[in-house]
Amino acid sequence: MQIVFAGKAHPDDYEEKEFSRRFTGMPAGRSWGRIAFVEDYDEQIAQLMVHGVDVWLNTPRRGMEASGTSGMKAGMNGALHLSIPSGWWLEGYNGRNGWKIGEETGENDEQDAGRLYDLLEHEVIPLYYAVSEDGTPHQWIQEMKESIRSIAPRFSARRMVKEYVEQYYIPALRSCGDVCEVGGK
């Protein structure tokens, strides 16, 4: 297993900022084995990562998920999501497209860490390495397909624009009657 840490901390998540500072401040040349830390995470790095990961691990503090778009894009590319039930994953998780770490309410780092390790040891890693006689990971592929099927249509710009029009713009136009000006006229 290769673990890659990357991302930007929420502006108010001082603990994560301190973790990142300490992690990147380790002595040069120290071997981390299969753990890497990507500094200066940006759109170009995110694009490469969302196309190439098997599992997108997301462990924000509850209520401090920035937006989740990287996780959404990873899911649209067939990655399975392993996340705290916060932000977009509350709506995106369906039990067949990844895993949920902990409960929606309450913040208990020890319980969440225990649940994460339990999921990795008993579900994620065994599923990843479960292959048929021909070497095909059929169940993993099924969950990848479910990730694409369940996430792509629900987390798209098309859906967002449609919901804004239906839920906000049309009702706003209807409520203002003759006083609304359309097109600046």
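The values are calculated or read from the model by the stated rules, or taken from the named source; none is laboratory data. Bear in mind that the values here come from a model prediction, so they are computed numbers and not experimental data. Methodologically, a virtual Cβ is constructed for each residue, glycine included, from the backbone with ideal geometry; neighbour enumeration extends over all protein chains shown.
Restricting attention to the stretch 15-35, does a residue exist that is out of contact with any Asp or Glu (no Cβ under 6 Å at 6 or more places or on another chain), at pLDDT 70 or above and under 25 Å from Asn77 (Cα atoms)? For the stretch 15-35, residues out of contact with any Asp or Glu (no Cβ under 6 Å at 6 or more places or on another chain), at pLDDT 70 or above and under 25 Å from Asn77 (Cα atoms): present.
Matching residues to (1) touching a Ser or Thr at 6+ places or on another chain (Cβ under 8 Å); (2) closer than 25 Å to Ala46 by Cα; (3) not polar (S, T, N, Q):
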position: Gly87; (1), (2), (3): yes, yes, yes
position: Leu120; (1), (2), (3): no, yes, yes
position: Glu123; (1), (2), (3): no, no, yes
position: Tyr129; (1), (2), (3): no, no, yes
position: Trp140; (1), (2), (3): no, yes, yes
position: Lys145; (1), (2), (3): no, yes, yes
position: Ile148; (1), (2), (3): no, yes, yes
position: Arg159; (1), (2), (3): no, yes, yes
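Within the stretch 155-185, the set of residues being in a helix (DSSP H, G or I), surrounded by 10 or more Cβ atoms within 10 Å (Cβ to Cβ), within 37 Å of the chain's Cα centre (by Cα) and at pLDDT below 85 comprises Arg159, Met160. Can you name every residue in the stretch 103-140 that is touching a residue at least 24 places away in the same chain (Cβ under 8 Å), closer than 15 Å to Ser86 by Cβ and part of a helix (DSSP H, G or I)? Hits for the stretch 103-140 are Asp112, Leu116.
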